[in-house]
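Q: Mind looking over this structure? Questions follow.
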Amino acid sequence: MLIGEVARAAAVEVSTVRFYERRGLVRPTGRTTGNYRQYAEDTPLTVRFIRRAQRLGFTLAEVAPVLALRLVPDSVLREVLAAKRADLDQRIADLERMRDAIDRLAAEGVDPDAPCPVVASLATAGPWRSEGR
């Protein structure tokens, strides 16, 4: 497949495929006689996976070992996935705390003498908040 075909099949711009190639996430399998890059037939699937993983909060650095499953020992993959799972669990807990605070505000109204429950819910967020996210 040529890069334009990969981009169309993955519903992304050609520049996205090129960016992922520069990051080492996709690789051409060869060149045509006209020196155009050729990609494997499963490259659009890889590109769609990368895009979806990014939407779910994975960084490209976290996606790379997942793409290299054939090369990465199971123990390393399990560590990456366990860390991501813990991060997701913390985010879910934070979002649930915030939702509960919003529900309390909607049901009880605002007490001008009390701290805002939404702000309080975020102030008690987990350690991942301090990492600049």
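The numbers here are math on the coordinates, done by the rules we state, and not lab data. The model shown is predicted, which means the values in this text are computed figures rather than measured ones. With ideal geometry, Cβ positions are generated from the backbone for all residues, glycine too; neighbour counts draw on all protein chains shown.
Q: Read through the labelled values [x] 11, 29, 22, 18, 12, 6, 2, 0; [y] 12, 37, 34, 15, 3, 0; [z] 12, 30, 27, 16, 9, 4, 1, 0 and report the label of the one computed as P(r) over Cα pairs in 10 Å bins from 0, in percent from the structure.
A: [x]
Q: Counting pairs of alpha carbon atoms under 8 Å apart in space and at least six apart in sequence, what relative contact order in percent does the chain give?
A: 16 percent
Q: Per residue of region 110-118, in order, report the coupling 6.51 cos²θ - 1.76 cosθ + 1.60 (Karplus, θ = phi - 60°) as ³J(HN,Hα) in whole Hz, putting x for Gly and Pro.
A: 9, 9, x, 8, 9, x, 4, x, 5
Q: GLN38's amide H: which non-local residues (gap 5+, or another chain) put their own amide H closer than 5 Å, with H modeled 1.01 Å from N in plane and none for Pro or chain starts?
A: THR29, GLY30, ARG31, THR32
Q: Take the Cα gyration tensor of region 3-67, multiply each eigenvalue by 5, square-root it, and list the three semi-axes largest first, rounded to whole angstrom.
A: One finds semi-axes of 21, 12, 9 Å for region 3-67.
Q: Are there DSSP H segments in the chain that both extend 30 Å or more along their axis (alpha-carbon positions) and score a mean Kyte-Doolittle hydropathy of at least -0.5? List them, or say none.
A: Qualifying helices, which must be both long enough and hydrophobic enough, are 74-108.
Q: Under a plain spin-label model, where a point goes 7 Å from the Cα along Cα-to-Cβ, how far apart in nm are LEU2 and GLU62?
A: Between LEU2 and GLU62, the simple spin-label model gives 3.7 nm.
Q: Could I ask something else about it? Roughly what would the spin-label model give for ASP100 and ARG85, points 7 Å off Cα along C-beta, in nm?
A: 2.3 nm
Q: Would you mind putting 29-37, 86-94, 54-62 in packing order, based on average other-beta-carbon counts within 10 Å, highest first?
A: 86-94, 54-62, 29-37
Q: Scan around VAL26 for amide H atoms under 5 Å from its own, H built in the peptide plane at 1.01 Å from N, and keep only partners 5 or more places away or cross-chain.
A: GLU21
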